Amino acid sequence: MASTEPPIVERTTIRGTLEIARMVNGLWQLAGGHDKSVDIPTAANVMEDTITCGLDTFDMADHYGDAELVVGHHNRTSKTSKVAFTKWCPKENGIKTFANAEAAVDLALSRMGQQKIDLLQYHAWDFSDDTYLHNLTHLHDLQKQGKIGLIGLTNTDAAHLQMLLDSKFPIATNQLPTSVIDRRLTSGRLNEVCLKYDVGVLAYGTLLGGFLSETWLGKPEPADISRLNWSLKKYLRFIWEAGGWEPFQRVLEALNVVAQRHGVSIPAVATRFVLDIPSVKAVIVGTRLSADSRLHIARNLEAFSFQLAQDDLDLIHEAQTGLRDIPGDCGDEYRRPPFLTAAGDLSDHFSQDRRQYKQLDEALSEGKRIEYSSGSKWEPIAGYCRAVRTGGHIRVSGTTSNSPLPSVPVVGGSNAHSQTIRILDIIEGALKALGSSLSDIVRTRILVRDVGMCEEVSRAHGSIFSNAGILPANTLVTAGLVGDQMLVEIEADAEVGCSHRGVLKLAEA
């Protein structure tokens, strides 16, 4: 006779210090794209119910509407313990001070009614802007003060995660989109990097906002994306990038067969599939914390009631062969096209301010030479600048992985791959300041300290320009670089706008 007892929620620890449930209540749906208003007392009561069932871990962010206030209300009205994560996702607006970071953390603590944030996750919008390096340093200082337990990241690709870890930033988690449709975690290097450095993956988008359910099995594709809620708008774009509705339906059919074998729901199978990825510490399942949310608790717990057998996995993997790989690495959708967001761009997060380019446009119209300085202490001493633009031509000086932080001598530490990633970020920042992008680069010249580093430097260079969609001319040589910790130096030439005119790729017959 089958047990009528609910399944026991699996638990795990992050960095051996923070115990969490392996299913986290995600509160993004409180941000306003699903309900116009949130009943905070009711939401706090539903939170109590989920905790009682073993789902005592909650994830939110500074921009998730009233989510932090719901946690604060629960803290004031209940003695039931829980684990609460939040995020800081600041705009890159040039503010890099400790006071700004401390104010953001203090605001979250005040809203949540806590003395310490169990896990504070940081989202960087633009790796070519070193604001995020300053902010992560400030968060580490606040961690030392006891205001933060652990520091995590969101939507950070393998190359930049490794770069930060090689720079000795104490990163404990990385929150990423992962599902049977979005396989970037395991198809790229991220799973490997997270396991190597003991970074726990917090997987979201596991149910594609609800698409991975019986509701959509055998149903036609939504005809009007504008009529969908935020979650469905966002994840329909993932389905499109993964090959479209037909391959998605084939995967959904395979999940349904497995679900029937085990007497569970499609969401349970989709969740179990992601829970079994080695680097995944927990999955984040969206909840509105409304009165009807109680009805979903038992169904969510099904993911802990069974294990996937090899024939289950074989069936799912066979269905996945019809999918395309989603472009890039996890999190790229927030930094470059295709923007897999609810809006299809970044307009829901911030708007671009064209005023910063007004001075540049005026100088170009007057035919002026434009010199861009990155703030390096050596630029005024040696009499050079980071990059020069004349007309449509940009020349970027030899660039090393100099750190803007007193506490970090070299970004990327002693890893040549990571130093290369940071160097190309600096070059990208210079190009953006001069009205260009990596896609306009026509030539790079790479100097490496040791011939043994050539392959890892080349792989880093290749990954960046693969994402940029171009193949620049390139020279790579060994040289005696200035500065004992500098392993790589790169310079670049760009032709502004050349990428917009298209690329013809020729090869020897």
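The figures follow:
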{"read-out": "Cross-link partners of K233 among lysines (Cα-Cα below 27 Å; sequence separation of 8 or more within a chain)", "value": "K36, K87, K91, K219, K281"}
{"read-out": "Mean Cα-pair separation over length for segment 354-495, i.e. relative contact order, pairs under 8 Å, 6 or more apart, %", "value": "28 percent"}
{"read-out": "Percentage relative contact order, segment 199-250, counting C-alpha pairs under 8 Å, at least six apart", "value": "38 percent"}
{"read-out": "Average accessible surface area per residue within segment 354-495, 1.4 Å rolling probe, Å²", "value": "49 Å²"}
{"read-out": "Fraction of alpha-carbon pairs over 15 Å apart in segment 405-483 - percent", "value": "60 percent"}
{"read-out": "Ordering of 447-453, 434-440, 281-287 by burial proxy (mean other Cβ atoms within 10 Å per residue, highest first)", "value": "281-287, 434-440, 447-453"}
{"read-out": "Extended-chain gain in nm, criterion 0.36 nm per residue less alpha-carbon gap, D348 and T186", "value": "55.4 nm"}
{"read-out": "At most 14 other Cβ within 10 Å, DSSP loop - trypsin sites (Lys or Arg not before Pro), segment 175-233", "value": "none"}
{"read-out": "Low-density loop positions, trypsin sites (Lys or Arg not before Pro), segment 360-436 - DSSP coil, at most 11 other Cβ in 10 Å", "value": "K377"}
{"read-out": "MRE, 222 nm, helices only [DSSP H, n ≥ 4, -39500 (n - 2.57), over the chain, to nearest 500]", "value": "-10500 deg cm²/dmol"}
{"read-out": "Lysines with Cα under 20 Å of K79, excluding same-chain neighbours fewer than 8 positions away", "value": "K116"}
{"read-out": "Under DSSP loop assignment and at most 16 Cβ neighbours within 10 Å, longest chymotrypsin sites (Phe, Trp or Tyr not before Pro)-free interval of the chain", "value": "1-349"}
{"read-out": "E491 - accessible surface, heavy atoms, 1.4 Å probe, Å² rounded to 10", "value": "70 Å²"}
{"read-out": "Relative contact order of the chain, pairs being alpha-carbon contacts under 8 Å that are 6 or more residues apart, as %", "value": "14 percent"}
{"read-out": "Per-selection metrics, the chain (Cα): Rg and Dmax in Å", "value": "24.1, 84"}
{"read-out": "Cα-based reach from K368 at 17 Å (exclusive), listing aspartates and glutamates while leaving out same-chain residues under 8 positions away", "value": "E495"}
{"read-out": "T57, T390, ranked by accessible area, largest first (probe 1.4 Å)", "value": "T390, T57"}
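The values are calculated or read from the model by the stated rules, or taken from the named source; none is laboratory data. Being a predicted model, the structure only gives us computed values, none of them experimental. Heads up, the Cβs are rebuilt from the backbone with ideal geometry, glycines too, and the neighbour counts pull from every protein chain shown. Calculation scope for accessible area: heavy atoms of the full protein, side chains included, ligands and nucleic acids excluded. Shrake-Rupley method; radii C 1.70, N 1.55, O 1.52, S 1.80 Å.
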